[in-house]
1. Mind grabbing the base-10 log of I(q)/I(0) for the chain at q = 0.12, 0.14 Å⁻¹? Debye formula, identical points on the C-alpha positions, no solvent, two decimal places.
2. Toward the positive end of the charge dipole of the chain, about the Cα centre and with charges on Cβ (Lys, Arg +1; Asp, Glu -1), which of A220, W97, G135 goes farthest?
3. Roughly how big is the chain's charge dipole about its Cα centre, with Cβ charges of +1 (Lys, Arg) and -1 (Asp, Glu), in debye to the nearest 20?
4. Most mobile of T76, T27, T143 per a Gaussian network model of the chain (Cα springs, under 10 Å)?
5. Taking a ≥ b ≥ c as the square roots of the eigenvalues of the Cα gyration tensor of segment 161-223, is the shape rounded (a/c under 1.5), prolate (a/b larger than b/c) or oblate?
6. Connecting C-alpha atoms closer than 10 Å in a GNM of the chain, tell me which of L166, L142, L110 has the biggest fluctuation.
7. Sort H79, H133 by Cβ crowding within 10 Å, fewest neighbours at the top.
8. Among A39, A147, A8, whose Cα projects farthest towards the positive end of the dipole of the chain, with charges put on the beta-carbon of Lys, Arg (+1) and Asp, Glu (-1)?
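Just so it is clear, none of the values below were taken in a lab; they were calculated from the coordinates. This structure is a prediction, so every number in the text was calculated from the model and none was measured. Backbone-built Cβ (ideal geometry, glycine too); neighbour counts: all protein chains shown.
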Amino acid sequence: MRLQDVEALTFDCYGTLIDWESGAKNTLQALVARWDLHADEDAFFQAWERAQRARIEQSYARYRDIAAETFAAVATAEHLPLGPEDARLFADSIAAWKPFPDVPAALATLKRRLKLGIISNIDDDILAGSVKHMGVEFDLLLTAEQARAYKPSPIPFQQALERLGLPAERVAHAAFGFEYDIATASRLGFRTILVRRARTDFPPQPVPDLVVADLKELAAQLA
């Protein structure tokens, strides 16, 4: 089946639609500024990414709690005087982080002929806040909170297919991350689309059906 023949397109949200890295770094910068301090935002972000990825691989907990818990742990390790209130403010801010500039127009174009969905390692209320910035109505919003499991588990993807009422080969999944998305979606039979964004370090397998720089290019390919 050609990629152009799919009936639905699902997305990873944070890092693919929402500018995850900028949101995290800007929030950290605002929090440390309250203490008249400076933090190495790149180092903090990378450490926090590793910490929350490791926590997600353990037993299920709400993402808001994971984000706050791991933020606090990294702040302590980096000797920053950020306490539980700061960690909670960080987690609460995620719903306000903005999409990449190309996202709203591209989604509007894609929506004209495809069902659109999101499969995300997040809580329902945070995702509800995030989609308000995107300007389209999604046909599916599937969260880790609903699935009680985090990607790369196949459970969120399987539940998404059930709710869409489509076989995997009729659905394309677009994401910037191999670790959480491309490998599992490919294994389940989804068509897969790698949205590179600024990333350059990709494993050789599995090979996505399509590689694009951003959603503007994706919309041009599929619309």
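1. -0.63, -0.85
2. The one lying farthest along the dipole's positive direction is A220.
3. Values: 25 positive and 32 negative charges, 147 e Å.
Computed about the Cα centre, the dipole is about 700 debye.
4. Of the options given, T76 has the highest mean-square fluctuation.
5. Details: a/c = 2.24, a/b = 1.28, b/c = 1.75.
Since a/c reaches 1.5 but b/c is at least a/b, the shape of segment 161-223 is classed as oblate.
6. Of L166, L142, L110, the most mobile in the Gaussian network model is L166.
7. Working: H79 8, H133 15.
Sorted ascending by nearby Cβ count, the order is H79, H133.
8. Going by the Cα projections, it comes out as A8.
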